[in-house]
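S.K.: Dumping the structure here so I can ask a few things about it.
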């Protein structure tokens, strides 16, 4: 009887030991839970980019940056293959929402790069945040995305970061450029209701007014508009020195092409935003594009030159837009953060704590990226901003961009080195 009792106790003890070991293997004490990568399974990284539509060149540009960052690591991290899952976020809130839902539905996705458009980020961010995930955007600039004061129009939620510059900074610099470099005394702005275009237009107008310039017109067109005569005629009444037009294509093409026929705007200068910083803008606008200024990323340095050479080797052409370096940096920030929080289990699996991952990205400080030294901030209205804001310039479109396929245009003002006297 005693022997039977001892055998039962021994079996029970062995069972408890095995259960205890199994529990220890699977333990995850992260407050948001963990991403678990099973033995021999890849580490999955998501991307939410503009894959289709009129501005798919922006998605193509940033996808190239992501792929080159992965290629530099031989598509491996922690001795695991990296699998890239791409979702089309379009350039709308609905597109961002759908892309985020698809990534959030997969518990193996370790983090996401994207979105391209600020409007898509508005749709994606609540889902990514609720799922305990991280997203690092390479080309969002809307000030609202890093402002956590909902009452004042902010929309920032935990888990959102970006490597592109904040529109508040870009708007301030472009207003200074208009006034001090171009000598403008009066300004008009036009947006399309998108968080990106409206945020930039508001920032430029606010700074120009603070500099005691005259903001004579602030208006909007609709996405999809082709006839710009009405708003151009309305602007012409005020004869502004400069019109700031951060519109996407094709609306920016129509606006610029039709403006040359409006009496009263013959001497008015257009400053476009980075949404028109693409080789397609001068090509699709034609002669009217000559003399237009556009803001856009300006990246330089030996490390960037090597990436650019690799781009040409891999894709056989130049990058179609200017945010590939920001995507490259975003990818590396995410991968380095994953590496720093990895928990290796005895069975060969890897755990990544979700809150630990967010904290690791947020702790990024003086990171040597292609776009400068990145430090992620936590203070609103810059919560999640990681960009140093130095990789920004104004370019002037010439006939070479319109007729000779030259790209990018010559630099008119480099905010990293040029100063206003």
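S.K.: Can you tell me which residue within the stretch 88-123, out of those that are under 15 Å from the mean Cα position of the chain (by Cα) and assigned to a strand (DSSP E or B), is surrounded by the fewest Cβ atoms within 10 Å (Cβ to Cβ)?
M.R.: 88
S.K.: Could you check, for the stretch 251-258, whether at least one of its residues is assigned to a helix (DSSP H, G or I), touching a residue at least 40 places away in the same chain (Cβ under 8 Å) and touching a strand residue (DSSP E or B) at 6+ places or on another chain (Cβ under 8 Å)?
M.R.: Scanning the stretch 251-258 turns up at least one residue that is assigned to a helix (DSSP H, G or I), touching a residue at least 40 places away in the same chain (Cβ under 8 Å) and touching a strand residue (DSSP E or B) at 6+ places or on another chain (Cβ under 8 Å).
S.K.: Quick check on the stretch 282-292. Is at least one of its residues closer than 23 Å to residue 164 by Cβ and in a loop (DSSP other than H, G, I, E, B)?
M.R.: Yes; the residues of the stretch 282-292 include at least one that is closer than 23 Å to residue 164 by Cβ and in a loop (DSSP other than H, G, I, E, B).
S.K.: Out of all the residues in the stretch 169-187, is one or more under 29 Å from the mean Cα position of the chain (by Cα), outside the structural domain of residue 119 (by TED's automatic domain parsing) and more than 30 Å from residue 372 (Cα to Cα)?
M.R.: Scanning the stretch 169-187, I find at least one residue that is under 29 Å from the mean Cα position of the chain (by Cα), outside the structural domain of residue 119 (by TED's automatic domain parsing) and more than 30 Å from residue 372 (Cα to Cα), so the answer is yes.
S.K.: Can I ask one more? Out of all the residues in the stretch 153-211, which are surrounded by fewer than 21 Cβ atoms within 10 Å (Cβ to Cβ), assigned to a loop (DSSP other than H, G, I, E, B) and in contact (Cβ under 8 Å) with a residue 12 or more places away in the chain?
M.R.: Across the stretch 153-211, the qualifying residues are 154, 155, 157, 158, 182, 183, 185, 193, 211.
S.K.: Still on this structure: Residue 278 - would you say it is touching a helix residue (DSSP H, G or I) at 6+ places or on another chain (Cβ under 7 Å), outside the structural domain of residue 354 (by TED's automatic domain parsing), surrounded by 24 or more Cβ atoms within 10 Å (Cβ to Cβ) and not in a loop (DSSP other than H, G, I, E, B)?
M.R.: Answer is no for this residue.
S.K.: Kindly indicate the residue of the stretch 138-152 that is more than 16 Å from residue 197 (Cβ to Cβ) and outside any loop (DSSP other than H, G, I, E, B) and also modelled with the lowest pLDDT among those meeting that condition.
M.R.: Taking the candidates together, the pick is 152.
S.K.: Condition check: over 16 Å from the mean Cα position of the chain (by Cα) and either at positive phi or at pLDDT 95 or above (or both). Does residue 126 satisfy that?
M.R.: In short, yes.
S.K.: Report whether or not residue 281 is closer than 24 Å to residue 205 by Cβ, in contact with a strand residue (DSSP E or B) (Cβ under 8 Å, 6 or more places away or on another chain) and modelled with pLDDT of 95 or more.
M.R.: yes
S.K.: Related question: Could you tell me how many of the residues in the stretch 328-363 are crowded, with 20+ Cβ neighbours inside 10 Å and within 22 Å of the chain's Cα centre (by Cα)?
M.R.: 15
S.K.: Within the stretch 304-421, which strands (runs of 3 or more DSSP E) (wholly inside it) include 3 or more residues that are more than 30 Å from residue 129 (Cβ to Cβ) and modelled with pLDDT of 95 or more?
M.R.: 392-396, 411-414
The values are calculated or read from the model by the stated rules, or taken from the named source; none is laboratory data. It should be emphasised that the depicted structure is a prediction, and the values quoted were computed from it without experimental measurement. In this analysis, Cβ positions are derived from the backbone assuming ideal geometry, glycine residues included, and neighbour counts consider all displayed protein chains.
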